[in-house]
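The values are calculated or read from the model by the stated rules, or taken from the named source; none is laboratory data. All figures in this text were calculated on a predicted structure; none of them were measured in a lab. Quick reminder, even Gly has a Cβ in these numbers, built from the backbone with ideal geometry, and neighbours come from all protein chains shown. Surface areas here come from the heavy atoms of the whole protein model, side chains and all, with no ligands, DNA or RNA. Shrake-Rupley method; radii C 1.70, N 1.55, O 1.52, S 1.80 Å.
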Amino acid sequence: MAERETEKQMSIIRLNDDDDYREEEDGLPDPELVIKHPLQNSWAMWFFKNDKSRDWKDNLRVITTFDTVEDFWGLYNHTLPASRLQTGCDYSVFKAGIQPMWEDAQNKKGGRWLINLNKTQRQTHLDDFWLETLLCLIGEGFDEHSDDICGATVNIRPKGDKLGLWTRDATKTEATKIIGLKLKESLSVPSKIVIGFQAHSDTAGKAGSTVKNRFTV
């Protein structure tokens, strides 16, 4: 009897007949074997730090990749909020295989919906906007146009921060406008505030303030 009691008190991990999960003495499944919820696409999160002593590409690095809901939240909850990044830093989340730069083959014909935020909005809106944008990305929130999405970026800048949603083909007028409207709706951007779409071919080599929007919503 004493031996049985000792065994009962021990933390014993058992494998069930179907090998679906391991169960500890208290009856809870082993967290390592809990089934995760896969995303439709794999994604990579990038970080950019503006070190002027290095080449631009050398300042850009991948933090990690993820392809499940649980891994996304694990990453999001263990990275610094965008509002606390140093000036000149960026976060980017793009489909795996696409780099967050205009020159990438899957980006160069596309463009971005751009939301500009002033300094005060960094503390009041930036983190919420960034999270909602990410949820739209990984949740394929643009419905039949989700395949046209490449990724999203948030740029922390001295004069005001920027949030961009990057698309694959700037010539798809209808799809681009629908994506912009969906983004604006998902972020609860007031209707009186206009957001614009800029083609990468127009933006490359120019200051952002000189680039005309191809579309607005």
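Laid out as a table, the results:
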{"item": "Residues that are closer than 16 Å to T65 by Cβ and either surrounded by 18 or more Cβ atoms within 10 Å (Cβ to Cβ) or among the aromatic types (F, W, Y) (or both), drawn from region 96-110", "result": "I98, Q99, P100"}
{"item": "Subset of region 161-179 (residues that are open to solvent by less than 10 Å² (accessible area, probe 1.4 Å) and touching a Leu at 6+ places or on another chain (Cβ under 8 Å))", "result": "D161, L163, G164, L165, I179"}
{"item": "Counted residues, region 68-96 - those being outside any strand (DSSP E or B), touching a residue at least 40 places away in the same chain (Cβ under 8 Å) and either charged (D, E, K, R) or over 18 Å from L131 (Cα atoms) (or both)", "result": "4"}
{"item": "Number of the exception - V211 against (1) crowded, with 20+ Cβ neighbours inside 10 Å; (2) over 24 Å from M45 (Cβ atoms)", "result": "(1)"}
